[in-house]
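In what follows, a single structure is set out as structure tokens and then discussed.
FYI, it's all coordinate maths here, none of it is from the lab. Model, not experiment: these values are computed from the prediction. Glycine gets a Cβ as well: all are built from the backbone with ideal geometry, and neighbour counts include every protein chain shown.
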Amino acid sequence: MFDVTLNIIKHILIIESHHFCFSVFLTGFDRVPVLGMNQVKMRVCPRLPSTQDHLPEALTCHSLLELPVYNTKETLQAKLTEALQHKRGFWDD
């Protein structure tokens with residue numbers, strides 16, 4: 001399941017140019033780490049329990065992406081895109 005999920009995430013980031021938003025979402029930083037992006041070790045885990053209405057969540061201190069288990073890749077794409085567009089927490093916007 002997660003190989004497919006990671007491919008979908010890569011597709012969203014490459015095709016839809018959400019690189020910057022995903023980096024901020026995952027790490028909480030809007031700049032590349034001093035030691036480079038290879039220092040960011042992203043982990044993905046299922047968010048359980050969850051429904052089709054839940055959005056993906058990120059634990060920025062650990063670069064951990066918690067993904068609900070979606071029924072379709074279209075739902076995953078829509079929910080991840082929606083999550084990337086939200087700016088809650090540290091932003092002033």
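Odds and ends about this structure:
- The local environment of residue 50, defined by Cβ-Cβ distances under 11 Å, has a net charge of -1 under the rule Lys, Arg +1 and Asp, Glu -1.
- Gain on full stretching of the segment that runs from residue 78 to residue 54 - 0.36 nm per residue minus C-alpha separation: 7.5 nm
- 5 angstrom amide H check on residue 58, placed H, neighbours 5+ away: 66
- Neighbour cut-off at most 11 other Cβ (10 Å), DSSP loop, GluC sites (Glu not before Pro), region 22-93: none
- In region 24-93, the trypsin sites (Lys or Arg not before Pro) that fall in loop regions by DSSP, at most 11 other Cβ within 10 Å: 31, 41, 88
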